1. When you look at ALA299, is it surrounded by 22 or more Cβ atoms within 10 Å (Cβ to Cβ) and either under 19 Å from the mean Cα position of the chain (by Cα) or in a strand (DSSP E or B) (or both), yes or no?
2. Out of VAL208, VAL143, VAL163, VAL197, report the one residue that is under 20 Å from the mean Cα position of the chain (by Cα), modelled with pLDDT under 95 and under 30 Å from ALA54 (Cβ atoms).
3. Can you tell me how many residues in region 185-227 are free of Cβ contacts under 8 Å to residues at least 40 places away in the same chain and closer than 25 Å to PRO135 by Cβ?
4. Specify which of the listed residues (ALA96, ALA114) is surrounded by fewer than 16 Cβ atoms within 10 Å (Cβ to Cβ), at pLDDT 95 or above and under 24 Å from the mean Cα position of the chain (by Cα).
5. From GLY397, GLY378, GLY408, grab the single residue that is free of Cβ contacts under 8 Å to residues at least 24 places away in the same chain and farther than 23 Å from GLY146 by Cα.
6. Going residue by residue through region 71-80, is there one that turns out to be in contact with a strand residue (DSSP E or B) (Cβ under 7 Å, 6 or more places away or on another chain) and surrounded by 13 or more Cβ atoms within 10 Å (Cβ to Cβ)?
7. Scan (1) at pLDDT 95 or above; (2) within 30 Å of PRO354 (Cβ to Cβ) for the single condition THR4 breaks and write down its number.
8. Mind listing whichever residues of region 319-342 are surrounded by fewer than 19 Cβ atoms within 10 Å (Cβ to Cβ) and closer than 19 Å to SER57 by Cα?
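The values are calculated or read from the model by the stated rules, or taken from the named source; none is laboratory data. Remember, predicted model here, so these are calculated numbers, not experimental data. Every residue, glycine among them, receives a Cβ derived from its backbone with ideal geometry; neighbour counts consider all protein chains shown.
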Amino acid sequence: MTTTVTAAPTTATEFARAEERTAHNYHPLPVVLAEAEGAWMTDVDGRRFLDLLAGYSALNFGHSHPALIEAAHEQLDKMTLTSRAFVHDQFADFCAELGDLCGKDLVLPMNTGAEAVETAIKVARKWGYEVKGVPADQAKIIVASGNFHGRTTTIVGFSDDPVARDGFGPFTPGFVTVPYGDLAALEAAIDANTVAVLVEPIQGEGGVVIPPEGYLRGIREACTRENVLFAADEIQSGLGRTGRTFACDHEDVVPDIYILGKALGGGIVPVSAIVADRDILGVLKPGQHGSTFGGNPLACAVGRKVVGMLATGEFQRRGEELGVLMRERLEAMVGHGVLAVRVRGLWAGVDIDPAVGTGRQVCEALMARGVLVKDTHGSTIRLAPPLVVSAEDLGWGLDQLAAVVTGG
């Protein structure tokens, strides 16, 4: 597949300026965006693009959702930051409402998803030493191959992606990797020093990889039986993306620790958290963990509105209903420029036939047609439309994908 992407004059200039003065830790598509509303974005040259990535699920509620913007504006006029040295008037309600959404006692707010994962790792180890009785510095956490939990040095240390891992060692010990979806391997890896199993219910960066039916239930049963914490990284998969509040809900599974982020900030501010019961999060004492911006007033005000919107069930229903449309359309492309698709709710991984081109080339061709998506692992593209996208706009975007992969 050969694509020629010619940037408009202003776009070309701004893109070149950005590339000149930034570290090249990303390989963005050559588009420079200026405004956005709902599922649509407009670039500096006035061209409109349908957003089918939604900030890797950070924009589940679309761009500039009126209710979220209103909550942010109202809080901006009052107070934005106190640090956790003090308590502010949004904090108690945010923790209570998010805890209730998850069915858990306590909330520990942070900012980014990677921070939330690091927090869960620390809490699991502390719980292992103080509650389970694991000998000092011997705690083990089981993780899955193909995982993506962030890019801190601890987290990339248990990644098997050489791009994320190579050149950043030495790494933190204490992690055991087993094949994703292989329950028997996971159970065999548990020993007396295992304190937690950390998995994504669906692997997002891996290409929307959905585990076999019963995998999550099996993890839950094994963790309960062996006195091990089940920590579910729902940063990308949670908060309505899969047609349920959490991806774990598809198997009626409740983990010991929910790890949340991305959509929790409504696409406005970075908000993350881990949510667990008192017997787990209660192991932390003052000074043992923290964040200056974690749980700040602006974050809590926006986060409260996100939780309130999810409590209605409206967005979960949209994710489920529109997901049926997306599944039907994508499955019809298999054998016609697409090798395989994996769909759960309004989230899909699409494996492109190499005869068509690379995932990057397909993304560039879609960009030329006014649709923005992103590739992963060379030949796969991910679709994660905002939950507010209309059926008509989603259908149009999928039309463009069908045209690209079939050479139409």
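1. So ALA299 fits the description; yes.
2. Every option except VAL163 fails the conditions.
3. Looking only at that region, the number is 9.
4. Of the residues listed, the single one that is surrounded by fewer than 16 Cβ atoms within 10 Å (Cβ to Cβ), at pLDDT 95 or above and under 24 Å from the mean Cα position of the chain (by Cα) is ALA96.
5. After ruling out the rest, the residue left standing is GLY408.
6. Within region 71-80 (the criterion being in contact with a strand residue (DSSP E or B) (Cβ under 7 Å, 6 or more places away or on another chain) and surrounded by 13 or more Cβ atoms within 10 Å (Cβ to Cβ)), the answer is no, since none of the residues qualifies.
7. (1)
8. From region 319-342, those surrounded by fewer than 19 Cβ atoms within 10 Å (Cβ to Cβ) are 320-321, 324-325, 327-328, 331-332, 334-336, 339-340; that's our starting set.
Scanning region 319-342 gives GLU320, GLU321, VAL324, LEU325, ARG327.
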